[in-house]
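These notes are about the structure you will find just below.
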Amino acid sequence: MAIKGIRTIGFFGHAGSGKTTIADAFLFLAGANTRFGKVSEKTSAFDCDPEEMERACSLNLGLATFDYKNIIINLIDTPGYSDFIGEAISGVQAVDCAVMVIDAVAGIEVGTERLLKKIDEKNLPLIFFINKLKKEDADYYKIFSAISEITKRSIVPLTIPIGEAEKFSGVADIIKNKGFGAKGKEEEIPAQIKEKVSQYTDKIIEAAADTDEALMNKYIEGQKIEMSECLDVMKKGITEGKVALCLAGDALELIGIQNLIDTVIEFMPQSDLLPDIEIDSQKIKRSDDSPFLGYVFKTTVEPHVGELCYLKVLSGSIKSGDIVKNSTKSSDEKINQIFSIKGKEKKETSQLTSGMIGGLVKLKNTHTSDTLVASNIKASLPKIEFPAPSISMAIVPKAKGDEEKVASGLARLRDEDPTFTFAFDPEIKQLIISGIGELHLAVILSRLERKYGVSVDLTKPRMKYRETFTKKSKAQGKYKKQTGGHGQYGDCWLRVEPLERGAGVEFVNKIVGGKIPSRYIPSVEKGVKETLQKGILAGYPITDIKVEVFEGSYHPVDSSDIAFKIAASMAIKSNAEKGGVVLLEPISEVEIFIPEAFMGDVMGDLNSRRGKIMGMEGEGKIQKIKALVPEAEMYKYSTSLRSMTQGRGYFNMKFHHLEEAPKEIIKRIVEEKPKEEK
């Protein structure tokens, strides 16, 4: 039978809100899975990665494409943990509509608002699903009220709960005026709920009137508005991002899920009805007849398959054997194999048409955020904006000789996860891996061992301290050595002056009258910079100073480049004795996002880390703390923050400036330095 349309929907929300359970229940009730997979029983169709099964939580974006009543549904499940926000952002890029899942007890959490911002940026059609209504202290109406405070969209409830907490038994469908229990079985609406259904019917009419001038006029004039008049208006408002729907349920009990399925089919726009795609001032209609345009929103490496690119076809179609252009990389790609994906199941297919999602393998040069196009399209779609890594750790291979295997494995993992980076830092002589949090890096290293057979030890990264002068000084460096034959002679006076932070090292030649011949000045500069690089106080590079060579002398026979280089080194060391050399430590700018209840604990912890609170501001229900904290004090901070906030906080961190370290810190670092070098 002919396909009636395509829906691409994603589940988003804070960790533990029940997204994966809803996705599994959706699959089961839609007939796409013969059993109701569960995370707790390690039978989920989505959490099938070994690390996910071990930790009983989503770490990756999951995809299931299936047919429901001749409608193709692409279902995307995303992680809720902040460490894996990159996977959720990839999901936002791929979906045509979003379901924001909210725990009926925990309410609006940090992850809820963070992901809602991403959804609003794309103006995606949106459904709120209030989940876990069977739990003690669950409160649908409290959460419904809170939702209205975090979004500018009009919130329209389509289902409300029948019963509370342990007595929650089903949902009342406001439009159909019917009750539905587990698995969508129809049941009577109790008398006390019928009055609420009537009240919320009025809310639907009011929301529709707010978005349509003709209905608003009827409403003002007191004319009767039928529910049927509101539905098309609501659908238009949903597509335009002005209206969001709200449903109730409990996925584990399979209550409200059938209503969610029906709502997706009835109210969420099919792909060909979405606005045209704009690329390089060109508008492309979302249809099979348009030129091919596809976007790679995720890359993964599969056993026995290799690199698998998740492609969303935005317009046109592709089939096996086609040659398309990667407009991001300006290279051609041959489409070899195409897979339809349902959890861990992959089925080869010959073609993808507009609106469909599939997996492409054996592509030569295509990764996440790349645009694949027909030859007549020249431009690319914008790359996905992933958050920068917040923490870094150093790693050492457990087995000697594994360095190359480690680097190769990390490179493949970086291709899969754009929020992960690694590089060898020649200054501190360590291989540094960076990610969103400690859990993120732990999962990366677990995959490194499982997929590529190499294991590593984690160590604390060495800090990139710096040294600097705090006072002006001048001193002579004179190198005179007489041996058989020619001797060595170099003599220079250097003046050292502190500069502002971030100025680096400035070398100035103030020699006049040829007191030091110009041919030796580069050697003086080289001697200065090599000595500054080695440091004076604790072996860290000296920065933010100006060095002037202003006086000196030479010997017409014994002077040489090496003699002036040594003399310059001696002069710098003599200046250091007078210049009040201190240690500079890197200071990070930290933004911490937490529920207000945890403000006291988090701020107290920041103070204990020598942090300076720079400001606080509310973002919806969430508080943002801005602080400047020494980088050395932020080691393993994400674990501490997770513990303090019950997993409900996250942070961003980046280098801000160098600052003079306290005397007790300098003393400790100077004492520790020789131990590090042994």
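The values are calculated or read from the model by the stated rules, or taken from the named source; none is laboratory data. From a predicted model like this one, the values you see are computed outputs, not experimental measurements. All Cβ positions, glycine included, derive from the backbone under ideal geometry; neighbour counts span all protein chains shown.
Name, by its number, the condition in (1) over 31 Å from the mean Cα position of the chain (by Cα); (2) modelled with pLDDT of 95 or more that does not hold for Lys132.
Here Lys132 meets the rest and fails (1).
Of all the residues that make up segment 235-252, how many are in a helix (DSSP H, G or I) and in contact with a helix residue (DSSP H, G or I) (Cβ under 9 Å, 6 or more places away or on another chain)?
Within segment 235-252, the first condition is being in a helix (DSSP H, G or I), and the residues that meet it are 235-239, 251-252.
When the remaining residues are screened for being in contact with a helix residue (DSSP H, G or I) (Cβ under 9 Å, 6 or more places away or on another chain), the result is 235, 237-239, 251-252.
The number of residues fulfilling the criteria is 6.
For segment 507-537, how many residues are in contact with a strand residue (DSSP E or B) (Cβ under 6 Å, 6 or more places away or on another chain) and small (Gly, Ala, Ser)?
Here the count works out to 1.
Out of Ala411, Ala407, Ala388, which single residue is of a type in the set (A, V, I, L, M, F, W, C), closer than 21 Å to Lys636 by Cβ and out of contact with any Cys (no Cβ under 6 Å at 6 or more places or on another chain)?
Working: Ala411 fails: closer than 21 Å to Lys636 by Cβ; Ala407 fails: closer than 21 Å to Lys636 by Cβ.
After ruling out the rest, the residue left standing is Ala388.
Looking at (1) touching a residue at least 40 places away in the same chain (Cβ under 8 Å); (2) over 19 Å from Val581 (Cβ atoms), which is the only condition Thr483 fails?
So the condition that Thr483 fails would be (1).
Only one of these conditions is not met by Asp49: (1) at pLDDT 95 or above; (2) acidic (Asp, Glu); (3) more than 18 Å from the chain's Cα centre (by Cα). Which number is it?
Single failed check for Asp49: (1).
Determine whether Glu404 is among the charged types (D, E, K, R) and under 25 Å from the mean Cα position of the chain (by Cα).
Working: among the charged types (D, E, K, R): yes; under 25 Å from the mean Cα position of the chain (by Cα): no.
Considered against the rule, which asks whether it is among the charged types (D, E, K, R) and under 25 Å from the mean Cα position of the chain (by Cα), Glu404 comes out as no.
Of the numbered conditions (1) loosely packed, with under 13 Cβ neighbours inside 10 Å; (2) in contact with a His (Cβ under 7 Å, 6 or more places away or on another chain), Gln482 fails exactly one; give the number of that condition.
(2)
Hey, does segment 446-456 have a residue that's surrounded by fewer than 17 Cβ atoms within 10 Å (Cβ to Cβ), β-branched (Val, Ile, Thr) and either under 30 Å from Ala632 (Cβ atoms) or in contact with a Leu (Cβ under 9 Å, 6 or more places away or on another chain) (or both)?
No, segment 446-456 contains no residue that is surrounded by fewer than 17 Cβ atoms within 10 Å (Cβ to Cβ), β-branched (Val, Ile, Thr) and either under 30 Å from Ala632 (Cβ atoms) or in contact with a Leu (Cβ under 9 Å, 6 or more places away or on another chain) (or both).
Within segment 253-268, can one find any residue that is over 23 Å from Leu75 (Cα atoms), touching a Leu at 6+ places or on another chain (Cβ under 7 Å), touching a residue at least 40 places away in the same chain (Cβ under 8 Å) and buried (at least 20 other Cβ atoms within 10 Å of the Cβ)? Before you say what the answer is, go through the steps one by one.
Step one: list which residues in segment 253-268 are over 23 Å from Leu75 (Cα atoms), which gives none.
Checking segment 253-268: not a single residue is over 23 Å from Leu75 (Cα atoms), touching a Leu at 6+ places or on another chain (Cβ under 7 Å), touching a residue at least 40 places away in the same chain (Cβ under 8 Å) and buried (at least 20 other Cβ atoms within 10 Å of the Cβ).
If the Cβ limit is 8 Å and pairs must be 6+ apart or interchain, which residue in segment 589-614 that is assigned by TED's automatic domain parsing to the domain that holds Tyr650 and modelled with pLDDT under 95 pairs with which residue that is of a type in the set (Asp, Glu) and part of a loop (DSSP other than H, G, I, E, B)?
Pro595/Glu109
Considering Ala379, Ala407, Ala423, Ala411, which residue is hydrophobic (A, V, I, L, M, F, W, C), surrounded by fewer than 18 Cβ atoms within 10 Å (Cβ to Cβ) and under 30 Å from Lys117 (Cα atoms)?
Details: Ala407 fails: under 30 Å from Lys117 (Cα atoms); Ala423 fails: under 30 Å from Lys117 (Cα atoms); Ala411 fails: under 30 Å from Lys117 (Cα atoms).
Just one listed residue meets the conditions, Ala379.
What number of residues within segment 211-234 satisfy the criterion of being under 22 Å from Lys176 (Cα atoms) and assigned to a helix (DSSP H, G or I)?
Here the count works out to 10.
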